[in-house]
Amino acid sequence: MPLKTTEYREFIREIKSRIQSAQLKAAVSVNQELLRLYWDLAERIIARQQESAWGDGILVQISHDMQSEFPDMKGFSRRNLELMRQWYRFWSGTNAIAQQAVSQLNQSAIGQQPVAQSDSALYVQQLVLQIPWGHNLVIISKIKEQDEALFYVQQTIQNNWSRAVLTHHIESCLYQREGKAITNFKATLPAPQSDLAQQILKDPYNFDFLLLRKKHDEKELEEALIEHVTRFLLELGAGFSYIGRQYKLEVGGDEFFIDLLFYHTRLHCFVVIELKAVKFKPEFAGKLNFYVSAVDGILKTEQDNPTIGLMICKSKNDVVVEYALKDIHKPIGVSEYLITKNLPIEFQSSLPSIEQIEAELGGGDE
């Protein structure tokens, strides 16, 4: 029996990691080969149908013959053959969107070899082959435009989304919301940090996983988000790590409390989030600017990038926001949040307000 020394345990950990890595690579390789087979089958079937004027009834015969020849191999049902054709037709002829995808990739792939435009169509095909068949079917069944579909393919690869998470993001219209917050990042952050920071923010944020009164306040909103912090982190996106709520900062002997504090593991920076259950006002930007400065002065280390501030309001006037951020020197973004499902009227009247609860507990501010 080997000794259970620290050295031995580390040795076993390294072996386990190597085996898991090999298993993952093998699974990815098998998936890509299977999808490459599906692509080739669909291409051949479509070409032969066009050349020989075969109708769709031929799929029944192909399915029968393939299942007879390969009884232990799944995927040759008539329905799956139809889906292969649909998938191939959706992605064939992708040169235009491929060039856009390659351009976006080259902007974000810092230090990596740029992808040649001449290889763009092949590149898109290779991207599609990297996600499981079930993910591919979700994308082509729910999305009509190729550029939007490619966005979800890339996000699935980068973030290792499960099928359920992919479906959630499609249904919550992430493509239309990502990177849409109004910010001053171009003026306050160096490239490419400014572009990467812009992409992590959304507008609006979808808080439909909360059940709140129509006339809720910031405290209710904050408590509900922390109660559902897992769903909140999913909505914020990959890389956000929750640090605390009402995070205390002491500045010159005075105490200040940040609504929500996060650290972004990909941007390597703190993210200060302030919540407002009202329409954006210019003075909100000044307060958030102060909090960002305080975090930079107190919490930020030499290894951290500049802190980012995010104000999430019930609504905003985009022109007012742009003016409010124009002369602020700390990186700040402003977004709205959206709740389409409020607490039913019949339940609202039976719930005490925050003020009533505080009065009962003697916790009201005097």
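Brief remarks follow.
- Of the candidates Q130, Q154, Q158, the single residue that is in a loop (DSSP other than H, G, I, E, B) and either touching a Cys at 6+ places or on another chain (Cβ under 9 Å) or not assigned by TED's automatic domain parsing to the domain that holds Y263 (or both) is Q130.
- Filter result for the condition that a residue is part of a loop (DSSP other than H, G, I, E, B) and either assigned by TED's automatic domain parsing to the domain that holds G134 or modelled with pLDDT of 85 or more (or both), over M66, M84, M73: M73
- Taken over segment 150-188, the criterion of being under 30 Å from K326 (Cβ atoms), of a type outside the set (F, W, Y) and touching a helix residue (DSSP H, G or I) at 6+ places or on another chain (Cβ under 8 Å) is satisfied by L174, E178, G179, A181, I182, T183, N184, K186, T188.
- Reported count of residues in segment 258-279, each being of a type in the set (A, V, I, L, M, F, W, C) and out of contact with any Leu (no Cβ under 9 Å at 6 or more places or on another chain), is 2.
The values are calculated or read from the model by the stated rules, or taken from the named source; none is laboratory data. Computed from a predicted model, the values in this text were never measured in an experiment. No Cβ is skipped: glycine too gets one built from the backbone with ideal geometry, and neighbour counts run over all protein chains shown.
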